[in-house]
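The values are calculated or read from the model by the stated rules, or taken from the named source; none is laboratory data. Predicted model, so just to flag it, every value in this text is computed and none were measured. Don't worry about glycine lacking a Cβ; one is built from the backbone with ideal geometry, like all the others, and counts go over all protein chains shown. What goes into the accessible areas is simple: the full protein's heavy atoms, side chains included, and nothing from ligands, DNA or RNA. Shrake-Rupley method; radii C 1.70, N 1.55, O 1.52, S 1.80 Å.
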Amino acid sequence: MNPANYIVLSAVLFSIGAIGVLVRRNAIVVFMSIELMLNAANLAFVSFARMNGNLDGQTVAFFVMVVAAAEVVVGLAIIVTIFRTRRTASIDEPNLLKY
Amino acid sequence: MTELMPAEGVFSLIWLLIALPLAGSAVLIFGGRRTNSWGPYLAILMVVGSAALGWTMLLSMMQNSPEQRTFDQTLYSWVFAGSFQADMAFQLDQLSMVFVLLITTVGALIHIYSLGYMAHDANRRKFFGYLNLFVAAMLILVLANNYLLLYVGWEGVGLTSYLLIGFWLHKPAAAAAAKKAFIINRVGDVGLSLAIMLLFVTFGSVSFQDVFGVADQASEGTLTAIGLLLLLAAAGKSAQFPLQAWLLDAMEGPTPVSALIHAATMVTAGVYLIVRSNVVFTAAEWAATAVIIVGVITMWMGAIIGSAKDDIKKSLAGSTMSQIGYMITAAGLGPIGYVFAIFHLLTHGVFKAGLFLGAGSVMHGMRDNVNMRRYGALMGLMGITAVTFIIDYLAIIGIPPFAGFWSKDSIIHAAFEKSTLVGILAMLAAGLTGFYMTRMVAMTFFGKARWEDDEHPHESPKVMTIPLIILAIGATFLGMALLFWGNIKTWLEPVTGLEEVELPLPELAYGGMTLVLVIIGSVIAWVMYARRSVPVEAPRGSWLTRAARNELYGNEVNDVLVVRPSYHASRALVWFDNRGVDGLVNGTAAFVGGLSGRLRRYQTGFARSYALSMVGGAVLVVLALVLVRAS
C-alpha cells in the first residue's frame, strides 16, 4: 500500500480535529478534537519513519503520546475545576482573561 | 624706541598699588558686621596709601630719561596653553602713571566724601568694600601689560559698576538700571574678547610689547577689524553711540559712584583702550575714522540730552557722554590727538568729579531731590558747594584759565588739524556745553527759590566740602599745570607719539572763536533760565526738547532693533520647543500608545479565537514554506 495514503489520512484527521477545535463549544469535545490532532500528527510521524526507513519518527511518536497523556491530565483537571466553579463546560463562557 | 626697565626700587611695589585696595575690599566684604565701625576708614586708608605710592612712583619716574620710563613687573606666569602665554604682569609707563594718579587721587577724595554722603546708610561698609574693589579693578585695567589681564580689569570694573549702580537695590529703578548697564556692557565686552582672539591669531601674542612691535606687519584689513572691535568695546564701556543708553540710567546709583565710576574713571576706560592701542589705529585709517564718527555723534547727543534734562544728575551724565565724545574724537585723530584725549580725560576726571560731588552735596541739602526745577537761589545757603560748583562749571565750559579751556581747546585745535568739518562740529558742541552747563548753574543756584514746602536747604558737613574744595583747586590749576609745568605733550610722547600740523590761523584764533561760542551759549541759557522765571512743571517744549528729554529715543531704538526682535525670537523658539521638539517626542509616544490600544483589542478572552489565529499562523507558515520550496 502506498505510504502517501497514510499521510493523506493523517491530514484529513488533523483537519477534522482543527475544525472541531474551532467550531465546537463544549470543552470536552474540543479536548477530544485536540487528541485527534495529536494522533494525526503521530500517524504522520510513523508514516514518515516508514517512508524514510529509520526510527526517528517512531521515537517522536512515543514522546508525543507521553506529552498527550500529561496534557490530558492537566486539561481535564482544568475543565473539571472550571465546571465546579462556573457550572459550565462551554469554552466561550470563561472569558475574563482579556484586555 | 622705549626700553623696558626692570621694576626695581619703588617700582618693585607696582603690585602693591592694586593689592592695597584689593585687600581693603576683601576685609570689608568678607569681614562682615564686625568691620562696620572701622571698615570705611580702612578703605580710605588703603586708597590713600595707593595714591601716596603712586605719587612716589611719579617722582621717581621723573628722575629717569623719557626712554627709560617704562617699567615691567612680571609676578608669575598666569595662563599658558600651547603657544598661548599670558603673564600676571604689570607695565607702568607714562600713560599708566597718569591714570594711576587720577584713579587713586580722585578715588581717595571720593572715598572721603562718601564718609559724609553715606553716613546714614546701613550698608555703608559694603559700599566702601565695593568702592575699594572698583579701584583695584580699575588699576588692574590700566596697569596690565597684556590684553588678557586688561580684560580682567575691564570685567572687574563692569562688575563693580553693576554692584554700585544697584547699591540701593530696594529701588526697582536702581536694580533695572544696574542690569541694563551690565547687559549693554556685555555687548562691548564681546567686542573686546573677539579683538583679543584676533590679536592672538594674527600676532601669536596678547602682550602690548609683542603686539605693538609687529603690528605694522599685519594686513590693513585685519588691523581694521581689530580696531573696529576695540571701538565696540570702548563704546560699551564709555557709553558712546550706539551703546550709550545705559549711562543716564546709571545715575540711579549713589552720587559718589556717579562721580567716581560714571564720570571720572571707568567710563574713560574706552579712551584708555584706544590710546593704548594707538599703533593699531594709526595703521588702520578706516577704524580711526569710525572712532571720530562715533565720538562726534556722541559729543552732540550727550550735549543735546544734557540741555533738556531736569534731573541734575542725568543732565551731568549727558555732559559726561559729550565730554567723552570729545576724548574719543581726539583719540580717533591719530598722533595729533592721542595726547589731548588723555589731557582732557585728566582734567575732565577732576572737574566732572567735582561737579557730581557738588550735585550730591546739593541733593544732600535738599532731601535727595534731583529735580532742578525745584532748586533755585541756593547760592547763599550752600556757599562752599556753590562756589566750587561754579569753578568746576567754568572749567567744563572752557573759560581761561580754568582746566577745561586748555584741554578742550587743544582737542578742537587738533580736530582742525585733521579735518575742518570735525573741528567746526567740535567747536559748536563747545557752545552747546556753555548752554547746558549755564542752564544747570542758573537753575540750581540762581533765580527764585522754587523749593518744595517745608524744605530747609543746608550746607553739607566738612568731610564733604573739603574734597569739593580740593577738586575745585584742581579744576582751576590742573590744565595749566599739566600743559606748562608738567608738559604733558612731551611726557606722553614716548607712548602715544605726537604730531603737529600748521593751521592757516594762529592757535589763539581757534581758542577765541570757541570762547565766543561758549559765551553766546551761556548768555542764551542765562537769559532763559536765570532772568526769566523757571516753571516748576516742565513745559511741553519743542520737538527737539521732547526728543532730548527722551534721551533722543535711544531706548526706543534699542527696543525696536534689539529687545523686541530677541523677544519675538525667543517666543518663536519657545513655540518650536513646545510644538516641534516636544511634539516629536509626544507624537511618538501617542502613536505607540494608540497602536497598542488597538492591538490589545485582539485579546478577546475567547480561547477559540486564539486557536483560530494559531491555525491561521500555522497555515501561513506552511504556505510560506511551500512557496519557498517551490521557487
Original post:
Within the set of pairs 6 or more residues apart or between chains, which connect a residue that is at positive phi inside region B:1-19 to a residue that is modelled with pLDDT of 80 or more and open to solvent by less than 50 Å² (accessible area, probe 1.4 Å) with Cβ atoms less than 7 Å apart?
Top reply: B:G9/B:S60
Original post:
If we only count helices (runs of 4 or more DSSP H) wholly inside region B:469-578, which ones have 1 or more residues that are more than 30 Å from B:Q68 (Cα to Cα)?
Top reply: B:507-526, B:543-549, B:554-558, B:564-575
**OP:** Might you check whether a residue that is farther than 27 Å from B:L198 by Cα, in contact with a helix residue (DSSP H, G or I) (Cβ under 6 Å, 6 or more places away or on another chain) and not assigned by TED's automatic domain parsing to the domain that holds B:L482 occurs anywhere in region B:78-93?
**Re:** no
**OP:** Could you identify the single residue in B:G376, B:G380, B:G398 that is within 30 Å of B:S533 (Cα to Cα) and either without any contact (Cβ under 8 Å) to a residue 40 or more places away in the chain or of a type in the set (D, E) (or both)?
**Re:** B:G380
**OP:** Report yes if some residue within region B:22-31 is assigned to a helix (DSSP H, G or I), loosely packed, with under 14 Cβ neighbours inside 10 Å and without any contact (Cβ under 8 Å) to a residue 40 or more places away in the chain; otherwise report no.
**Re:** yes
Original post:
So is B:P494 buried (at least 16 other Cβ atoms within 10 Å of the Cβ), in contact with a strand residue (DSSP E or B) (Cβ under 8 Å, 6 or more places away or on another chain) and over 19 Å from B:S407 (Cα atoms) or not?
Top reply: yes
Subject >> Options B:G474, B:G486, B:G479; residue that is modelled with pLDDT under 80, out of contact with any Lys or Arg (no Cβ under 7 Å at 6 or more places or on another chain) and crowded, with 16+ Cβ neighbours inside 10 Å >> reply: B:G486
Subject >> Residue check for A:R25: open to solvent by 70 Å² or more (accessible area, probe 1.4 Å) and touching an Asp or Glu at 6+ places or on another chain (Cβ under 9 Å) >> reply: yes
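To keep it simple, each residue is scored yes or no on (1) surrounded by 11 or more Cβ atoms within 10 Å (Cβ to Cβ); (2) of a type in the set (K, R); (3) more than 14 Å from chain A (Cβ to nearest Cβ); (4) more than 30 Å from B:M440 (Cβ to Cβ).
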residue: B:S533; (1), (2), (3), (4): yes, no, yes, no
residue: B:N555; (1), (2), (3), (4): yes, no, yes, no
residue: B:R571; (1), (2), (3), (4): no, yes, yes, yes
residue: B:G597; (1), (2), (3), (4): no, no, no, yes
**OP:** Look through region A:81-99, keep the residues that are open to solvent by less than 70 Å² (accessible area, probe 1.4 Å) and free of Cβ contacts under 8 Å to residues at least 60 places away in the same chain, and return whichever of them is nearest to the other protein chains (Cβ to nearest Cβ).
**Re:** A:N95
Original post:
Could you list, in sequence order, the residues of region B:61-87 that are in a helix (DSSP H, G or I), loosely packed, with under 15 Cβ neighbours inside 10 Å and free of Cβ contacts under 8 Å to residues at least 60 places away in the same chain?
Top reply: B:M62, B:Q63
**OP:** Count, please, the residues in region B:117-132 that happen to be farther than 14 Å from B:I165 by Cα and either within 16 Å of the chain's Cα centre (by Cα) or aliphatic (A, V, I, L, M) (or both).
**Re:** 3
